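A.B. asks: Before anything else, here's the structure in question.
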Amino acid sequence: MTRIEQLIRPELRRLKPYSSARDEFSGKAEVYLDANENPNGNYNRYPDPFQNELKKELSLYNGVPTENMFIGNGSDEIIDLLIRTFCQPGQDKIVTFVPTYGMYKVSAEINAVDAIELNLDENFQPKLPQDPCFWENPTNKLLFLCSPNNPTGNSIGENIVLECLNRFKGLVVLDEAYIQFALGESWSKRLVDFPNLVVLQTMSKAFGLAGARVGLAFANVEVVSWLNKLKPPYNVSELNQKAALEKLKNKVQVIDEIAKILEQRAILFEELGALELTQKLYPSDANFILGIFEDATELYAYLLERGIVVRRRKDVGENALRVSIGTEAENKKLIQTIKTFIREKSTVY
Ligand SMILES: *Cc1c(COP(=O)(O)O)cnc(C)c1O
């Protein structure tokens, strides 16, 4: 048995997957009478279950071979699928470093899988356990690293990722949802060196397609083939696939949008930093800024009343707010509204 096969839930190793009409015939035909589709209209046919055209375009874009790619209905689907594929309910565990993206733990709990929550240090870098038992424990199946991390915005140090890849016996899932806003390179370039590496990316953030639901996993071919076996047959709709393909034809626009967001991030960082009520701002490699603000509860409510919604992050602290980078006009409105808040507060006394 290969190392990957040993990690798969035992009952799934023997699973005979559902064979869809498009699995049994994937060529071109003149008359399709094999999938109980309605012969009339648009979107009346089932989509390509393996999204081959989209994978080809993505491969041209990011250099990852198509056989190392898996596409999900958002990366949230892939997180769930990874847990269901590798974690035996009631027995196996996932590992996360908090504060981080909430879906790892929620997905685990939905699947009756416990999440071991370890802490990030004061620089928001994972504090790796020294105990060899942690690294050797065969029930610790998936270790999630989020880089750049949501909600803290920082990238995880290369040495920390390397240590996890070298020591952890299960799969290291590196969530790069915000990688396009960071200076560092994607770990997807290093799949050949690490058969236990799964890189997650998404078209929801930098590509501006949160509404289309297109999530990506880059991994060893064996991991990809297990995910393909266990996914719902037509998990990514034709509408999703078309939206993604269209976006990839407009690479110049995507690059331009990312550049604007980065420019706005720098401006917003400076302007938020200059406000009296800002106690701390954390540097960001992502399209949001995390900060600690005096009277955050009151400020949050004040902004909301004026139609501006930011995110409270109580997992970081009572006074922590996470602000996504908007358009220039939106960011200006945010700063103006906070300034009014400060002025109104100071005249109350
Ligand atoms: C937004 C986000 C996702 C969600 O991606 P979808 O593809 O929209 O499901 C995944 N991981 C992190 C860290 C995120 O912040």
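A.B. asks: Are there any pairs with C-beta distances below 9 angstrom linking a residue in region 57-82 that is at positive phi and modelled with pLDDT of 95 or more to a residue that is within 16 Å of the ligand (Cβ to nearest atom) and small (Gly, Ala, Ser), with the two at least 6 apart or on different chains, and if so which?
C.D. replies: 63/188; 74/204; 74/210; 74/212; 74/215
A.B. asks: Among the residues of region 12-42, count how many are among the acidic types (Asp, Glu) and within 32 Å of the chain's Cα centre (by Cα).
C.D. replies: 1
A.B. asks: If you don't mind, there's one more thing I want to ask. Would you check which residues across region 7-60 are open to solvent by less than 80 Å² (accessible area, probe 1.4 Å), part of a loop (DSSP other than H, G, I, E, B) and of a type in the set (Ser, Thr, Tyr) and list them?
C.D. replies: Within region 7-60, 19, 20, 32 meet the criteria.
A.B. asks: Moving to a separate point now. Does residue 103 satisfy the criteria of being in contact (Cβ under 8 Å) with a residue 60 or more places away in the chain, within 15 Å of the ligand (Cβ to nearest atom) and either touching a Phe, Trp or Tyr at 6+ places or on another chain (Cβ under 9 Å) or open to solvent by 10 Å² or more (accessible area, probe 1.4 Å) (or both)?
C.D. replies: Spelling it out, it is not the case that residue 103 is in contact (Cβ under 8 Å) with a residue 60 or more places away in the chain, within 15 Å of the ligand (Cβ to nearest atom) and either touching a Phe, Trp or Tyr at 6+ places or on another chain (Cβ under 9 Å) or open to solvent by 10 Å² or more (accessible area, probe 1.4 Å) (or both).
A.B. asks: Further question: Among the candidates 109, 122, which residue alone is assigned to a helix (DSSP H, G or I) and either of a type outside the set (Ser, Thr, Tyr) or touching a His at 6+ places or on another chain (Cβ under 7 Å) (or both)?
C.D. replies: Numbers: 122 fails: assigned to a helix (DSSP H, G or I).
Answer to the selection: 109.
A.B. asks: Please go through region 189-199 and pick out each residue that is closer than 20 Å to residue 60 by Cβ and within 15 Å of the ligand (Cβ to nearest atom).
C.D. replies: Quick first cut of region 189-199, residues closer than 20 Å to residue 60 by Cβ only: 189-192, 199.
The one that is closer than 20 Å to residue 60 by Cβ and within 15 Å of the ligand (Cβ to nearest atom): 199.
A.B. asks: Would you point out the residue of region 65-83, among those that are farther than 17 Å from residue 196 by Cβ and away from the ligand (no atom under 16 Å from the Cβ), that is surrounded by the most Cβ atoms within 10 Å (Cβ to Cβ)?
C.D. replies: Filtering first and then ranking leaves 66.
A.B. asks: For region 236-349, which fully contained helices (runs of 4 or more DSSP H) count at least 1 residues that are among the β-branched types (Val, Ile, Thr) and either at pLDDT 95 or above or surrounded by 12 or more Cβ atoms within 10 Å (Cβ to Cβ) (or both)?
C.D. replies: Per the criteria, 251-273, 296-305, 328-348.
A.B. asks: Continuing with this model, one more query. If the requirement is being open to solvent by less than 10 Å² (accessible area, probe 1.4 Å) and either aliphatic (A, V, I, L, M) or touching a residue at least 60 places away in the same chain (Cβ under 8 Å) (or both), which of these qualifies: 98, 113?
C.D. replies: Exactly one residue qualifies, and that residue is 113.
A.B. asks: How many of the residues making up region 285-308 are closer than 24 Å to residue 205 by Cα, touching a strand residue (DSSP E or B) at 6+ places or on another chain (Cβ under 7 Å) and not aliphatic (A, V, I, L, M)? Spell out how you get there, then give the answer.
C.D. replies: Looking only at region 285-308, we keep the residues that are closer than 24 Å to residue 205 by Cα, and these are 285-292, 300, 303-304, 307-308.
From what's left, touching a strand residue (DSSP E or B) at 6+ places or on another chain (Cβ under 7 Å): 287-292, 300.
So of that shortlist, the ones also not aliphatic (A, V, I, L, M) come out as 287-288, 291, 300.
Count: 4.
A.B. asks: Please specify each residue of region 151-187 satisfying the condition of being open to solvent by 10 Å² or more (accessible area, probe 1.4 Å), within 15 Å of the ligand (Cβ to nearest atom) and of a type outside the set (A, V, I, L, M).
C.D. replies: Hits for region 151-187 are 154, 155, 178, 180, 186, 187.
A.B. asks: Tell me yes or no: at least one residue of region 156-167 is outside any strand (DSSP E or B) and within 21 Å of residue 229 (Cα to Cα).
C.D. replies: So far as region 156-167 goes, no, none of its residues is outside any strand (DSSP E or B) and within 21 Å of residue 229 (Cα to Cα).
A.B. asks: Next question. So how many residues does region 299-339 have that are more than 26 Å from residue 260 (Cβ to Cβ) and β-branched (Val, Ile, Thr)?
C.D. replies: Of the residues in region 299-339, 1 are more than 26 Å from residue 260 (Cβ to Cβ) and β-branched (Val, Ile, Thr).
A.B. asks: Take the residues in region 70-106 that are touching an Asp or Glu at 6+ places or on another chain (Cβ under 7 Å) and part of a strand (DSSP E or B), then tell me which one is nearest to residue 322 (Cα to Cα).
C.D. replies: Ranking the candidates gives 98 first.
A.B. asks: Next question, about the same structure. Can residue 147 be described as among the polar types (S, T, N, Q) and either open to solvent by 20 Å² or more (accessible area, probe 1.4 Å) or within 14 Å of the ligand (Cβ to nearest atom) (or both)?
C.D. replies: In short, yes.
A.B. asks: I would also like to ask the following. For region 207-225, how many residues are in contact (Cβ under 8 Å) with a residue 40 or more places away in the chain and within 11 Å of the ligand (Cβ to nearest atom)?
C.D. replies: So the answer is 6.
A.B. asks: Of 141, 205, which residue is outside any strand (DSSP E or B) and of a type in the set (Lys, Arg)? Give the steps one after another, and end with the answer.
C.D. replies: Working: 141 fails: outside any strand (DSSP E or B).
One residue alone meets the criteria, 205.
The values are calculated or read from the model by the stated rules, or taken from the named source; none is laboratory data. Keep in mind the model is a prediction, meaning the values are calculated, not measured. As a convention, Cβ positions derive from the backbone with ideal geometry for all residues, glycine included, and neighbour counts pool all protein chains shown. For accessibility, only protein heavy atoms count, side chains too; no ligands or nucleic acids. Shrake-Rupley method; radii C 1.70, N 1.55, O 1.52, S 1.80 Å.
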